[in-house]
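What follows is a set of notes on a single structure, which appears directly below.
The values are calculated or read from the model by the stated rules, or taken from the named source; none is laboratory data. Computed from a prediction, not measured in an experiment: that's the story for all the values here. Methodologically, a virtual Cβ is constructed for each residue, glycine included, from the backbone with ideal geometry; neighbour enumeration extends over all protein chains shown. Just the protein is used for accessible areas: all its heavy atoms, side chains included, with ligands, DNA and RNA removed. Shrake-Rupley method; radii C 1.70, N 1.55, O 1.52, S 1.80 Å.
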Amino acid sequence: MTESEQYSTHREQLENASPSPNRIKELQAALENAFTNHIEVRQVSYILFDELSAEELAHAFVNYPILIKSVLACINVAARAISRDLQINLDTYANKINITKAATLAGYIKPMLPKEIAIPALLELDRFFWTDKELRANKGRWEKRILKMLNKNSSVTFKKRQFSVQQEKFELDAAYSISEENIEIGIDIKRIESPRDIHKRADEIINKANKYKSQFTQGQFFTILYYPFPSQHQNLISRLNNANINGIFFANESDSSIEQALKLLLGKAGKLKQDDN
């Protein structure tokens, strides 16, 4: 057995992680009993995957690439598993796929597909994963908005930047570099969505601040936080009390909140545009 064969494939992992027949049976009974007075039997369309050949499935992907995500979702297959098991890169939301890649994908997933599935079930799976994707994307867009507005209000230019300490790499969401060897200002931008995440996220920020200051002793380290619990902001500030953190600023989704936080940060860093003072 080769070293690569000692690692399980996604299909094997799915088989090991799938719920037992007893759980499915118990869940079906629970749903039918719990909601017995609110169940309506309807006629819906089913796709009979067991009657579909891999070749037909491949052509379906080529002609209608929009359906790729929902079909993959019904068997818990995502882009990472495809990349690992098939060594191909696939954007599951792409609007085009070539027949070679589609054939490889179809042959890979065909044995894992259920015998049949209702179209409304696939529609709901697609809705769930699309919403999840957009939620995560919107959080990323918030960070990009901050970087854009940071540069709008700053007298210097900030950009993402990595630094290393003892062969360990760290990323700054925004940084002002005097040179490639020196970072004068480092900024960590972080969303903390739940109070239970405070300790973990705070530890991450403090660790990055400590590593940053060990490498750039004269540099300034700031953090911009999204934490939707204003009454607990002071508690978070206390948790982040560290000599290596030069400033902690909060911002929500609005442009005015972001701009206010950034002007306070830039003012403290001495990099606020003069015409904005």
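General observations
- Being among the β-branched types (Val, Ile, Thr) and either in a helix (DSSP H, G or I) or modelled with pLDDT of 95 or more (or both) is a description that applies to ILE205.
- Residue in segment 42-55 that is polar (S, T, N, Q) and open to solvent by less than 40 Å² (accessible area, probe 1.4 Å) present: no
- Of all residues in segment 140-170, those being open to solvent by less than 80 Å² (accessible area, probe 1.4 Å) and either assigned to a strand (DSSP E or B) or modelled with pLDDT under 90 (or both) number 7.
- Here the condition is being touching a residue at least 40 places away in the same chain (Cβ under 8 Å) and part of a strand (DSSP E or B); of ILE245, ILE183, ILE224, ILE258, it holds for ILE224 alone.
- Annotation note: of ALA94, ALA121, ALA106, the sole residue that is open to solvent by less than 70 Å² (accessible area, probe 1.4 Å), small (Gly, Ala, Ser) and more than 19 Å from GLU51 (Cα to Cα) is ALA94.
- Applying the criterion of at least 2 residues that are of a type in the set (Lys, Arg) to the helices (runs of 4 or more DSSP H) found wholly in segment 19-113 leaves 21-34, 79-86.
- Across segment 171-200, the qualifying residues are those that are closer than 18 Å to LYS139 by Cα and small (Gly, Ala, Ser), and the one among them that is least open to solvent (accessible area, probe 1.4 Å) is ALA174.
- Just one of the listed residues (SER231, SER214) is in contact (Cβ under 8 Å) with a residue 40 or more places away in the chain, of a type in the set (Ser, Thr, Tyr), more than 15 Å from ALA261 (Cβ to Cβ) and open to solvent by 60 Å² or more (accessible area, probe 1.4 Å), and it is SER214.
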